[in-house]
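Quick notes on the structure that follows.
The values are calculated or read from the model by the stated rules, or taken from the named source; none is laboratory data. This structure is a prediction, so every number in the text was calculated from the model and none was measured. Positions of Cβ are backbone-derived with ideal geometry, glycine not excepted, and every protein chain shown enters the neighbour counts. Side chains are part of the model used for accessible areas, which takes the heavy atoms of the whole protein and leaves out ligands, DNA and RNA. Shrake-Rupley method; radii C 1.70, N 1.55, O 1.52, S 1.80 Å.
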Amino acid sequence: MTTKPFHVAIVGGGITGLALAISLHRRGVSFTIYEQAAAFGEIGAGVGMHANAVRAMKICDEGLLAGFERVATRNAWPSKSAVWFDVLDGTSTEPANVPEKLAPLFTLIGHTDGHAACHRARFLEEMVPLLPEGSARFGKRLKTIEGNNDDSDRALTLVFEDGTTAQADAVLGCDGIKSRTRAVLVGDDHPERAKPAYSHKFVYRGLIPMADAVAALGEERSANAMLWMGPERHALTFPVNHGQTLNLVAFVTTPEPWPSKDAQQLTLPATRNDALRDFEGFGPNVLGLLRQTAPQMERWALFDLAEHPLPQFYKGRVCLVGDAAHASTPHHGAGAGMCIEDVAYLSELMGTVNDKRELPAAFAAFDASRRGRDQWLVASSRRAAELYEWQARGRDFEGIADEVRARQAYIWNIDLDVGIAAAKKDLRRRLALGMPAAAEPDASVPFPPDIDYHLRENS
Ligand SMILES: Cc1cc2nc3c(=O)[nH]c(=O)nc-3n(C[C@H](O)[C@H](O)[C@H](O)COP(=O)(O)OP(=O)(O)OC[C@H]3O[C@@H](n4cnc5c(N)ncnc54)[C@H](O)[C@@H]3O)c2cc1C
């Protein structure tokens, strides 16, 4: 494959940065990844990938999809293969290991692909070998970017905290929720947009050996994905590690502020007893699982960009991708999935560009095609938690089921091929016009979305 006549810097080597690197490599775009840590690494346990995320991986790179499939775990029972979550009453005192006594309130059918989840670290281990040798620099914490304010096509300069610098024709900020790239782009004019806000929810996360989980919940509820609803709290359980481990994510709503205001510290130490106290009022199923977790745990704050959505994901030759652009709470199980969708769009757009002066137009087409969907997810995710925790519609389970289904359908069933083809057409139009000419930004977050996304015919 011919290599494009430009070189880009990818700031951040999380799921977004690595997927983008792999996808750009396949399209002949040369890059260097700058990661602040000493090595690639993922914190946290399981991550679920929705059906469109899996389709997006295929567009990015067959190897990426194959790597995910090697580590992905789906519902164990064939009868549950299309199920995203069975939704149960977490406060019920009926035993989950006698399924007929505790029937689901409703079931969320996740298209034909159901629920695919993996351990984050295992997915990362699959991605790293797909990168070309020597394409990453570690211990490089971005401080600022110079040269993006003039119209010249001189290389941009990345300045790192260790005093070193690097040059690139464009910078792709994949540096996550606390993105420094975002702060560099919007910080001076709109400092409030640079910082994520606390959603007044935090989570306890635990991994439970499957045998212990089966002892607590019985086989059906352990081998398949469950969502346990309740007032002001809810919990998710789903198998990872090819069914050897149950991933537990237990969400708590609180009026208290998070002790670390600016999201610099997203995790704080906690104990299993804290979790048990926070879930008082829940039934023996969820409490039984919490008792199986390690005595020392962590609380993870859920911050997002819902309160100050960015008016644009790019400026000049710097573009934000993934959580850096649209960090979301995880209530749709789709934050990372949207990052992979971003990567599919952006790499397809950049792969059609043959001159570095055309990169801003590619970023403009990316922004126009992705921002509405990405920011809708951020807002809708907050709403989803209110539904699960009986704040938005009380215990109207039929209404909750209808609304969650409508929202999930929009997440799962978009036709990515149609969306990418439209984005490429938009890019050609912009290039024919002579430049990005970004429309006046609109930060509103519509639902139902008013963007011309096409639902798949079989949705
Ligand atoms: C509790 C929880 C559960 C979730 N569950 C799901 C789920 O089931 N499904 C789903 O789709 N999504 C889920 N998400 C969302 C998902 O985790 C994120 O959307 C995704 O991990 C974001 O990836 P990223 O690569 O954009 O950012 P990150 O993973 O944050 O990666 C950013 C990288 O950039 C590096 N970096 C940061 N700053 C700098 C700097 N200045 N210079 C250089 N490098 C830097 C970091 O070290 C890191 O490696 C969940 C999120 C949470 C909090």
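Remarks
- Remark: relative contact order (the chain) = 20 percent; criterion is Cα-Cα distance under 8 angstrom and separation of 6 or more residues.
- The long axis of helix 335-351 is offset from the longest Cα principal axis of the chain by roughly 20 degrees.
- Convex hull volume per residue in cubic angstrom - Cα atoms of the range 293-392: 126
- Sum of side-chain charges, Leu431 neighbourhood, beta-carbon under 14 Å (Lys, Arg +1; Asp, Glu -1): +4
- Shape of the range 348-443, Cα gyration tensor, a/c cut at 1.5: prolate
- Taking other residues whose beta carbon is less than 12 angstrom from the beta carbon of Asp169, and scoring Lys, Arg as +1 and Asp, Glu as -1, yields +2.
- Summed over the residues of the chain and divided among them, the accessible surface reaches 40 Å² per residue at a probe radius of 1.4 Å.
- Alpha-carbon gyration tensor eigenvalues x 5, square-rooted, for the range 161-242, Å: 42, 19, 10
- Nitroxide proxy distance, nm - points 7 Å out along Cα→Cβ at Ser30 and Glu100: 6.9
- Counting only DSSP beta bridges with both residues in the chain, the antiparallel share comes to about 75 percent.
- Among residues other than Met57 with Cβ under 10 Å from its Cβ, the summed charge is -2 (Lys and Arg +1, Asp and Glu -1).
- Tail beyond 20 Å, pair distance distribution of the range 1-154 (Cα, percent): 61
- The packing ranking, built from the mean of other Cβ atoms within 10 Å per residue, places the peptides 328-335, 182-189 in the order 328-335, 182-189, highest first.
- With Cα atoms, 0 to 90° folded angle of helix 397-412 axis to the chain main axis: 30
- Dimensionless Rg over Rh [the range 89-138; C-alpha; Kirkwood]: 1.31
- Fraction of accessible area attributable to carbon and sulfur, the chain (%, probe 1.4 Å): 50
- Nitroxide proxy distance, nm - points 7 Å out along Cα→Cβ at Thr2 and Asp189: 3.6
- Helical contribution to [θ] at 222 nm, DSSP H n ≥ 4, -39,500 (n - 2.57), averaged over the chain, rounded to 500: -11000 deg cm²/dmol
- Folded to 0 to 90 degrees: helix 51-60 orientation relative to the chain principal axis, Cα: 30
- Equivalent ellipsoid dimensions for the chain as semi-axes, Å, which come from the Cα gyration tensor, largest first: 38, 22, 21
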